[in-house]
1. Tell me which of these residue 111 doesn't satisfy, since it passes every other one: (1) loosely packed, with under 12 Cβ neighbours inside 10 Å; (2) closer than 15 Å to residue 25 by Cα; (3) at pLDDT 90 or above.
2. Can you report the number of residues in segment 90-113 which are closer than 16 Å to residue 45 by Cα and in contact with a helix residue (DSSP H, G or I) (Cβ under 6 Å, 6 or more places away or on another chain)?
3. I want to confirm something. Restricting to segment 78-107 and keeping residues that are exposed (fewer than 15 other Cβ atoms within 10 Å of the Cβ) and in contact with a strand residue (DSSP E or B) (Cβ under 7 Å, 6 or more places away or on another chain), which single residue is modelled with the lowest pLDDT?
C-alpha cells in the first residue's frame, strides 16, 4: 500500500463498524508495524456464512491490486445457487504464515464455526 492508503482503509472500516456493529475486520502487522494482511466481512457476509457454510471456496487468483498483492475471496452458494461472499482479504504474499493468519481470522470472524464439509 502506498502512503496513506492504510489509514483511509482503516477509517472506512471504522465507519462501517459504527454503521453496523456486526462488521468484522482484522489486520496483521509486521515487525516494522506496517500492515501486511487485511481481512473484512460485513453483516451480510456473516449472515450468509451462518446460513450457507456447507461448501466454501477460497479464490486467490481472482484479482490483484496495483501492488500485485492477492485479493482473496471466501465464497459459496445460497439455496438458489446464487453466489455469496463470506469474507474478503488483501494478502501481502501467499506464504504459509499469511494463510495461517487468514484461516484463523476467518474462523474468528465467524465465531469459530467451521464448514459442515470442512477437512482440517
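The values are calculated or read from the model by the stated rules, or taken from the named source; none is laboratory data. Given the structure is predicted, the values throughout are model-derived calculations rather than measurements. Here the Cβ positions follow ideal geometry from the backbone for every residue, glycine too, while neighbour counts run over all protein chains shown.
1. Looking at each condition in turn, residue 111 falls short on (3).
2. Here the count works out to 1.
3. 94
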